[in-house]
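Asks: Provided herewith is a single structure, encoded as structure tokens, for subsequent inquiry.
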Amino acid sequence: MSALLSVGAVTVQFDGVTAISDVSFEVKQGELLGLIGPNGAGKTTMLRVITGVVRQTSGTVLLDGRSLDGLATHLRIRRGLALSQQIVTPFRGMSVIDNVALAAGARKTASPVKALFNLRRERELEIGHELLMRLGIEPQANESAEIQPMGTLKRLELARSLALAPRLLLLDEPLAGLNSKEARLLADTITEINRGGTTIIVIEHNLGEVLRICQRLVVLDNGKKIAEGEPEAVMHDATVRAAYLGTGAAAQVGEQHAAA
């Protein structure tokens, strides 16, 4: 598989404090990659570099061989990026379906002129219903987003991201706030989306689900990459055990994964 995303020697400094230090990794076309590490490791900062919310001090980010450096976030989205955020913020005064249809029509609103001459939204509503059905929340389509429980909102956030038809989907803690059953079901859905052809990077603290669904892991600690590779090998790495989990906790997670 060829690399869809290449992060090369990225360093980020805030007022002299180094948040990310010389981090490099690739994400292959069609891959489901887990980006993990303890709190403060630099994971979300790395996603923000990829999306252009944070500008790196040095290094480069390539999408399909083309540099994203210097591009505004909305232009990166048009190149094929989409981000599903940890804190779900739909338009709560709108219905569930309208939230997704709005995202599906993003290209129509790229300029005021396009928006004026693209008033019909039948296709966007069709895309919205297809995505809600795919994610199992179509029965809530016409309900207000503000009355939905967390499990539905997490799936709505994912639907809005998929409505952008991304080549690379970035998921920031999609399982946070869910109970174990909801988390497992949503992890299964993420796997199905990946199998459908969408390349995915997922940040997630639920290591049991990360080990179950991810094909490869990149581990950050204190802004540095400390390990990369297949999940089993990474979780048995002494550096990961010591810096991220501690030996006992890593062993427990490994046993749980082996028993699953």
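No lab work stands behind these numbers, since they all come straight from the coordinates. Please read these numbers as outputs of a predicted model, since none were measured by experiment. Neighbour counts are summed over all protein chains in view; Cβ atoms, including those assigned to glycine, are modelled from backbone coordinates with ideal geometry.
Asks: Considering only residues that are assigned to a helix (DSSP H, G or I) and among the β-branched types (Val, Ile, Thr), which ones fall in the range 205-222?
Replies: First, pick out the residues of the range 205-222 that are assigned to a helix (DSSP H, G or I): 207-213.
Correct list: Val210, Ile213.
To keep it simple, each residue is scored yes or no on (1) β-branched (Val, Ile, Thr); (2) surrounded by fewer than 17 Cβ atoms within 10 Å (Cβ to Cβ).
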residue	(1), (2)
Glu157	no, no
Pro166	no, no
Leu171	no, no
Ile190	yes, no
Glu204	no, no
Lys225	no, no
His236	no, yes
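Asks: Here is a follow-up. Return yes when Ala187 is within 14 Å of the chain's Cα centre (by Cα), under 26 Å from Gly42 (Cα atoms) and in a loop (DSSP other than H, G, I, E, B) and no when it is not.
Replies: Working: within 14 Å of the chain's Cα centre (by Cα): yes; under 26 Å from Gly42 (Cα atoms): yes; in a loop (DSSP other than H, G, I, E, B): no.
Spelling it out, it is not the case that Ala187 is within 14 Å of the chain's Cα centre (by Cα), under 26 Å from Gly42 (Cα atoms) and in a loop (DSSP other than H, G, I, E, B).
Asks: Separate question: Search the range 195-204 for residues being assigned to a loop (DSSP other than H, G, I, E, B) and free of Cβ contacts under 8 Å to residues at least 60 places away in the same chain, and hand back the single one that is nearest to Leu81 (Cα to Cα).
Replies: Narrowing the range 195-204 to residues assigned to a loop (DSSP other than H, G, I, E, B): 196-198, 204.
Next, only the ones that are free of Cβ contacts under 8 Å to residues at least 60 places away in the same chain stay: 196, 198.
Numbers: Gly196: 16, Thr198: 11 Å.
Top of the filtered list is Thr198.
Asks: Would you be able to tell me the number of residues in the range 161-184 that are out of contact with any Leu (no Cβ under 7 Å at 6 or more places or on another chain) and either among the aromatic types (Phe, Trp, Tyr) or assigned to a loop (DSSP other than H, G, I, E, B) (or both)?
Replies: Result for the range 161-184: 6.
Asks: Go through the range 55-65 and give me each residue that's surrounded by fewer than 17 Cβ atoms within 10 Å (Cβ to Cβ) and more than 18 Å from Leu169 (Cβ to Cβ).
Replies: As a first pass, look at the range 55-65 and keep what is surrounded by fewer than 17 Cβ atoms within 10 Å (Cβ to Cβ): 55, 57-58, 60, 62, 64-65.
Within the range 55-65, Arg55, Thr57, Ser58, Thr60, Gly65 meet the criteria.
Asks: Residues that are part of a helix (DSSP H, G or I) and touching a strand residue (DSSP E or B) at 6+ places or on another chain (Cβ under 7 Å): does the range 132-143 have at least one? Quick ask: steps written out before the conclusion?
Replies: So in the range 132-143, the residues part of a helix (DSSP H, G or I) come out as 132-134, 138-140.
Adding the requirement that they be touching a strand residue (DSSP E or B) at 6+ places or on another chain (Cβ under 7 Å) leaves none.
No, there is no match, as no residue in the range 132-143 is part of a helix (DSSP H, G or I) and touching a strand residue (DSSP E or B) at 6+ places or on another chain (Cβ under 7 Å).
Asks: Is there a residue being more than 19 Å from Leu81 (Cβ to Cβ), touching a His at 6+ places or on another chain (Cβ under 9 Å) and either without any contact (Cβ under 8 Å) to a residue 24 or more places away in the chain or among the aromatic types (Phe, Trp, Tyr) (or both) anywhere in the range 33-51?
Replies: Yes, the range 33-51 contains a residue that is more than 19 Å from Leu81 (Cβ to Cβ), touching a His at 6+ places or on another chain (Cβ under 9 Å) and either without any contact (Cβ under 8 Å) to a residue 24 or more places away in the chain or among the aromatic types (Phe, Trp, Tyr) (or both).
Asks: Taking Arg92 as the residue in question, decide whether it is touching a strand residue (DSSP E or B) at 6+ places or on another chain (Cβ under 8 Å) and either part of a loop (DSSP other than H, G, I, E, B) or at positive phi (or both). Quick ask: steps written out before the conclusion?
Replies: Details: touching a strand residue (DSSP E or B) at 6+ places or on another chain (Cβ under 8 Å): yes; either part of a loop (DSSP other than H, G, I, E, B) or at positive phi (or both): yes.
Yes; evaluated as a whole, the condition is true for this residue.
Asks: Out of Thr152, Thr199, Thr189, which single residue is of a type in the set (Ser, Thr, Tyr) and under 24 Å from Pro38 (Cα atoms)?
Replies: Values: Thr152 fails: under 24 Å from Pro38 (Cα atoms); Thr189 fails: under 24 Å from Pro38 (Cα atoms).
Among Thr152, Thr199, Thr189, only Thr199 is of a type in the set (Ser, Thr, Tyr) and under 24 Å from Pro38 (Cα atoms).
Asks: Among the residues of the range 146-181, which ones are closer than 23 Å to Ile77 by Cβ and polar (S, T, N, Q)?
Replies: Across the range 146-181, the qualifying residue is only Ser161.
Asks: Moving on to the next point. Only one of Phe91, Phe14, Phe25 is among the aromatic types (Phe, Trp, Tyr) and crowded, with 18+ Cβ neighbours inside 10 Å. Can you tell me which?
Replies: Only one candidate qualifies: Phe25.
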